[in-house]
Each structure stands twice: as structure tokens, then as C-alpha cells.
1. With respect to GLU203, determine if the residue is among the acidic types (Asp, Glu), within 27 Å of LEU70 (Cα to Cα) and touching a Ser or Thr at 6+ places or on another chain (Cβ under 9 Å).
2. Within region 26-37, identify whether any single residue is assigned to a strand (DSSP E or B) and at pLDDT below 95, and answer yes or no.
3. Among the residues of region 68-83, which ones are near the ligand (Cβ under 10 Å from one of its atoms) and crowded, with 23+ Cβ neighbours inside 10 Å?
4. List pairs: first in region 138-167 and under 17 Å from ILE201 (Cα atoms) and among the small types (Gly, Ala, Ser), second assigned to a loop (DSSP other than H, G, I, E, B) and modelled with pLDDT under 95, Cβ under 7 Å, 6+ apart or cross-chain?
5. What are the pairs with Cβ atoms under 7 angstrom where one residue, in region 38-58, is under 21 Å from GLU203 (Cα atoms) and part of a loop (DSSP other than H, G, I, E, B) and the other, located anywhere, is modelled with pLDDT of 95 or more and of a type in the set (Val, Ile, Thr)? Sequence gap at least six, or different chains.
6. Filter region 215-241 down to residues that are in contact with a helix residue (DSSP H, G or I) (Cβ under 8 Å, 6 or more places away or on another chain), among the aliphatic types (A, V, I, L, M) and in a helix (DSSP H, G or I), then give me how many there are.
7. From the residues in region 50-107 that are out of contact with any Lys or Arg (no Cβ under 8 Å at 6 or more places or on another chain) and of a type in the set (Asp, Glu), which one is farthest from GLU185 (Cα to Cα)?
Amino acid sequence: MTETRSPIPYPETPDSTAQAPLMVKLREVTKTYPNGNRGLFAVNLEVPRGDFLFITGASGAGKSTLLKLLYGAQRPSSGEVIIDQVNVGQLTGDRLFLLRRRLGIVFQDYKLIPTRTVSENIAFVLWAQGFTRKEVKRRLLPTLKLVGLPHKADCFPEQLSGGEQQRVSIARAIIGTPPLLLADEPTGNLDPDNSWRVLKILEKLNAAGVTVIVTTHDERLVKNSHRSVVQLREGRLYRNF
Ligand code: ADP
């Protein structure tokens, strides 16, 4: 019998339940903020399961708005935002909470807890979800290895470089093995070498089956990676530019 194994130490198959071919679908999505600012206008987008997509665009183009709609931090003014066949815009309370558990989210400014060690920052997500100590321990080392930081497990965030902190935040995002990873300008504060390293980790995760959506204004990073790319300009989405 042939055993299928992930080529990297991703703790387990990222998604063993839902198998719809489309991971994300936006249908005619417009987001207007209460003060009248327009974040997105009539955006249509389909992201197949297992894809790696860059969303580029200048500051203010709508990149964060699009990701916030995906993780339910904002609701569309009109149109539909679908993740894995679920209409995110209609979710509230526990159902939104459950959806967020199935997403990994990485931010430009890392958002680590300064008073907690690297291990604690990463494990916190699982503790909050009620995982047993044994299970948390089982997942921690492979996840630290994946981001190249097993030797920094007991350090505090301020003892790490920016690149290392971002890798910790990626580890925190993926320790729950989400099928979809959203990264909002993950290399925005990093030099080219560290940006490249972060990109390589995201690509490894993608190779293990995780659908990855990354926003960036770093054209060089996008060009060198040869991945699918769309561009936002003033809230509108373009495929050919
Ligand atoms: P990007 O991530 O590409 O820099 P954003 O999605 O943050 O762009 O912003 C898109 C547009 O929406 C901008 O005009 C911005 O000012 C506006 N915007 C974003 N968030 C808010 C908010 N909470 N309230 C009002 N306007 C907002």
C-alpha cells in the first residue's frame, strides 16, 4: 500500500473534510465604509483549492479590505464572499468563530504577545481551542522546524529579528493546520533576504496543500515567484495589467 505523506513536516493533512474545488469566491463584492470611503467595487474573484495567489496594489487600493472580508472582520456592502461554500458575510457569533479557526492569518506587524515566549505565542491558539497538552506538544516542534526556528523556542519576541518574528507569526497561523492561509503584506517590514525566506515558507505550505493568498506591494517578490497574480487599483480588481 502506498502511503501519502506531506513533503514537509506540516503536522497533518490541512483539509480532510471539505473538498469543493473552489476555496474562495467573491461575487460582485462592493465594500463602502460608513464614512463613504470605497474599499472595493464590484470585485469578482475565484481562487481554486490549492492555489497560491498574490494580490498586489498600491497603498489604499483595497488589499486589506479584501482580506478582512475573507476573515469576516468586515462585511460586504453588497455581493457575496464565499469560503469553502460558506457565505462569510452572513456568519455571526459562533459560526464566524468556527470559520476563523479554519483560517490562518498573518499580518505585516506580526502581532506577537511580547510577554510570551516563541513557543507560547505559537501554542496559544491551540490552548485557546482546548487542545490537549500532548497534542500541542506534538505539533509544536514540526511547526517550529517548518519556519526554521526550533532553536528560538524559548526566546521572547524582542530577542528576535523582524524576519524571525514574522516566521513565528506564520507558525502561529498554521499550527492549527488551516486549509486557507491569508497573509496581509507579510513582507512589508522585511528586507529582501527575509522577504524571500518568508515567501519560501509560504510556498512550502502551498506545496503541502494549503491554499495561500498573499497581499503585497512588492512587485519584485511577485515577479520572482512566478505565481498567479491579480491587482487592485482604487478598489477594482484587474487580471491583466
Ligand atoms: P490597502 O490595504 O491596499 O492599503 P485598504 O483596504 O486598507 O487598502 O483601504 C482601501 C480604501 O478603504 C482606502 O481608501 C482606505 O482609506 C479605506 N478604508 C480602509 N479601512 C477603512 C475604515 N475602517 N474606515 C473608512 N475607510 C477605510
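1. yes
2. There is no residue in region 26-37 that is assigned to a strand (DSSP E or B) and at pLDDT below 95.
3. LEU69
4. That search, which allows pairs on different chains as well, returns GLY162/ASN189; GLY162/LEU190; GLY163/LEU190.
5. Pairs that qualify, where the first residue is under 21 Å from GLU203 (Cα atoms) and part of a loop (DSSP other than H, G, I, E, B) and the partner is modelled with pLDDT of 95 or more and of a type in the set (Val, Ile, Thr), are ARG49/THR211; GLY50/THR211; ASP51/THR211.
6. Residues that pass the stated criteria total 1.
7. ASP94
Residue-wise test of (1) surrounded by 19 or more Cβ atoms within 10 Å (Cβ to Cβ); (2) in contact with a strand residue (DSSP E or B) (Cβ under 9 Å, 6 or more places away or on another chain).
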{"residue": "THR143", "(1), (2)": "yes, no"}
{"residue": "PHE156", "(1), (2)": "no, no"}
{"residue": "ILE170", "(1), (2)": "yes, yes"}
{"residue": "PRO186", "(1), (2)": "yes, yes"}
{"residue": "LEU190", "(1), (2)": "yes, no"}
{"residue": "ASP193", "(1), (2)": "no, no"}
{"residue": "TRP196", "(1), (2)": "no, no"}
{"residue": "VAL210", "(1), (2)": "yes, yes"}
{"residue": "HIS226", "(1), (2)": "no, no"}
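The values are calculated or read from the model by the stated rules, or taken from the named source; none is laboratory data. In this text the structure is predicted, and so the values were computed from the model without any measurement. Cβ coordinates were reconstructed from backbone atoms using ideal geometry, including for glycine residues, and neighbour counts include every protein chain displayed.
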